[in-house]
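To start, the structure under review is shown below, and the notes come after it.
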Amino acid sequence: MTPNRHIRWQFAKAVLRQPRTVGAIAPSSPAVAAELSMVVPSTGSPVVVELGPGTGSVTDAIAARLPAGGRHLAVEVDIDLVTHLRRTRPRVETLYGDASNLVVLLDSVGVDRVDAVVCALPWSLIGATKQREILDQIAGVIVPGGAVSALAYPHAQWLPGARGFRGALGGMFDEVVRGPVVWRNAPPAVVYTCRRSASRALSR
């Protein structure tokens, strides 16, 4: 099996195992991965957290931008994908767990502050309570000058989960910029880039 076919097969199995945790029909395209990874600092020794790495398409874009002194942690809820990422991308610290437990997961590897968070989670499929939990966790670890990128899909923008997510981002960050639609993706996608986190977590 060729590498690309193997990746598609891994992704398809993840969709079948947990359809409620995978919001796309294919791995993120290089164009989307590049947009998401733009929040990753390219100098210094940044700590970057990736939520929902899947088969690793965005993971590779982050790794390409991350400087040699940086640290890349990926949080994945599907154990088979965790195994896949640990085998194929050993330089990435892949953590098995749910993004709503981000603080505890990072604490287990000695991290309490991060410079950037890259999210490829299916926000439109996540309920409001859990959205708040995840964003609360991000607010608890992102440094004051840090940035967050989040993937969304225009075709799902009218779903309650998608509308609630946009509102939650506005309540958490002073700056929320919606990028242009990336048509070279299945389905077409947009990336939200967020900066200047509020001084306290959403649930407080």
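The values are calculated or read from the model by the stated rules, or taken from the named source; none is laboratory data. The structure presented is a predicted model; accordingly, all values stated were derived computationally and were not measured. Backbone-built Cβ (ideal geometry, glycine too); neighbour counts: all protein chains shown. The area values use the complete protein model at the heavy-atom level, side chains included, leaving out ligands, DNA and RNA. Shrake-Rupley method; radii C 1.70, N 1.55, O 1.52, S 1.80 Å.
The label point for His155 and the one for Ser42, both projected 7 Å from the Cα toward the Cβ, are 3.3 nm apart. Approximating the spin labels as points 7 Å out from Cα along Cα→Cβ, the Ala64-to-Glu175 distance works out to 2.5 nm.
Label-to-label distance for Val104 and Ala198 is 2.4 nm, based on points extended 7 Å past Cα in the beta-carbon direction.
Taking 0.36 nm per residue of separation and subtracting the current Cα-Cα distance, fully stretching the chain between Ala34 and Tyr96 would add 19.9 nm.
Shown for region 84-147: the carbon plus sulfur share of the solvent-accessible area, taken with all protein chains present and a 1.4 angstrom probe, equals 50%.
Amide H of Val47 versus every other amide H placed in the peptide plane: which residues, excluding those fewer than 5 positions away on the same chain, fall under 5 Å? Here the answer is Arg71, Asp115, Ala116, since their amide H atoms fall under 5 Å of that of Val47.
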